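Each remark here refers to the structure printed beneath this line.
None of the figures in this text is laboratory data; all of them are computed from the coordinates on show. A quick note: this is a predicted structure, and the numbers were derived from the prediction, not measured. We place every Cβ from the backbone using ideal geometry, glycine too, and count neighbours over all the protein chains shown.
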Amino acid sequence: MTPTEPAERALRRTVPWIAVALALVAVVYVRALVCTPVEAVQGPAQKIFYIHVPSAWVAFLAFGIVGVTSVVYLFIKDPRLDLFAACAAEVGMVFTTAVLVTGPIWGKPIWGTWWTWDARLTLTLFLWFVIMAYLVLRGAVSEPGQRARYSAVLGILGALLVPFIHVSVYLFRTMHPLPVVLRPGRPTLPGAMLVTLLLGFAVFTFLFVALLRYRYLLARLADVRTQAEAERADA
Amino acid sequence: MGELLRVAWAVAAKDLRLEFRSRTAFVSALVFTALVLAIFNFARDPTAVSAVDLAPGILWITFTFAGMLGLNRAFGLERENRALDGLLLSPASRTALYLGKVLANLVFVGAVEAIALPLFALFFNVPILPVLGPLVLVIALATVGFVAVGTLMSSMAVNTRLAELMLPVLLLPFLVPPVTAAVQITAHLFSSRPFSEVSGWLRLLVGYDVIFVAACILFFESTIEE
């Protein structure tokens, strides 16, 4: 057995997770198109909401994970935490991009403009910039310990920054639709739409977990392989 | 506490003495500021947009860019001959070292701002004298937050590839809250609207300063330990 074999096997076992998650995304979308009523005012454009909102939830979840693992990393200095934070940032980047792409596609027919400097758009855009800075910083530091410390500090400061950006863009007027589920009182969304949306949340979270797991195992495999090569070079 | 400030001042005095003797960074930052202000004059259509409408934005973009030039210098200075190792070996605490760097940067950026402000008033014909008190307060609050975060970011950026490019990529997202607040308050001041209208922005600015100065003091150690 080569030293990289257990890591390779774990990686292969994660592939079905991703396949199942993608299939479920398709199921949710078929439900959204076929079994969920068309919104009275917005018409079919509203269907993108079932991708947009779950992606936004996952984007913020990923960012939260980066923040929390960064704090813990600075205390216990376990390199696996650093690797995990980096993978969460990378996968989160994909979902943040999905939010920023689907938003304007909906905004054009409904708001009449691709982009507007609304509170939530701006917040997501800067979330994207912070994650991008995090990834760029990781690419620009070669020493692993230093890279881990730097990115942990940036991860924590970025998490502190998000509420401040939210407040500062909120002091401008907002035109984004208000929350329909997580708000005081009962959800305002009709039943069938709510079920589809909640399914979307569950499925997108599962897709995120599957992708994160795959990405993390891949990074571990790369580490093991580098180590094995170094040992072979020594021998 | 007194001891901490004394050591911090010693670090800052060292940096400022170095800068005072060469004056290269200061003079370049000043010339840069004057150039940016002059170029902005040509970035608008004078028949369509009045200078006062653009003035707050111009002022803060100029300060942001000029500040960023100064920040790269703070730790770039210590890279030569690995001077940072000497500082780390000295009995100075990490907090004192950070505060000293912040202090030196504040003096540097503050001096550039002090010269740029009258120049700005002259170029864009903005009456700053009637609102000088509140304006200086806003500049001071925004500069403290900006320099506190910028100093921490520059301590990381100097050790990366493409250091000069890395600092703005890391720092600019963090400047959104303080610079937005500063621009809004400045705009209110220039149009002589009541100060009470901007109390939300002012609270945001103070909150930002408190949270980020504390966080940067706390995490600075993690960026320099070996």
Computed over the stretch B:2-224, the relative contact order (Cα-Cα under 8 Å, seq sep at least six) in percent reads 27
Note on the stretch B:2-224: the mean projected area of its alpha-carbon convex hull, in nm², is 13.0
So the angle from the long Cα axis of helix B:132-157 to the longest Cα principal axis of chain B, reported in degrees to the nearest 10, equals 40
Taking only the alpha carbons of the stretch A:1-133, the radius of gyration and the largest Cα-Cα distance, Dmax, both in angstrom, are 18.7, 62
One can check that the equivalent ellipsoid of the stretch A:64-180, built from the alpha-carbon gyration tensor with semi-axes equal to the square roots of five times its eigenvalues, has lengths in Å, largest first, of 31, 14, 11
For chain A, longest principal axis from Cα atoms; helix A:49-76 axis from its Cα atoms; angle between them, nearest 10 degrees, is 30
Note: the protein assembly as shown, point scatterers on Cα, Debye, no solvent; log10 I/I(0) at q = 0.06, 0.11, 0.12 Å⁻¹ equals -0.33, -1.01, -1.13
Helix A:144-170 sits off the longest principal axis of the Cα atoms of chain A, rounded to the nearest 10 on a 0 to 90 degree scale, by 10
Each label sits 7 Å from Cα toward the beta-carbon; between A:Val38 and A:Thr116 the label points are separated, in nm, by 2.4
PRE zone check, label point 7 Å out along Cα-to-Cβ of B:Glu225, amide N under 20 Å, scope the stretch B:65-96, hits B:84-96
The FRET efficiency for B:Leu88 and B:Leu162, from their Cβ-Cβ distance with R0 = 22 Å and rounded to 0.05, is 0.35
Of A:79-86, A:114-121, ordering from highest average Cβ density within 10 Å down gives A:79-86, A:114-121
What helix-only [θ] at 222 nm does chain B give? Using -39500 (n - 2.57) per DSSP H run of at least 4, over all residues, to the nearest 500, the answer is -29000 deg cm²/dmol
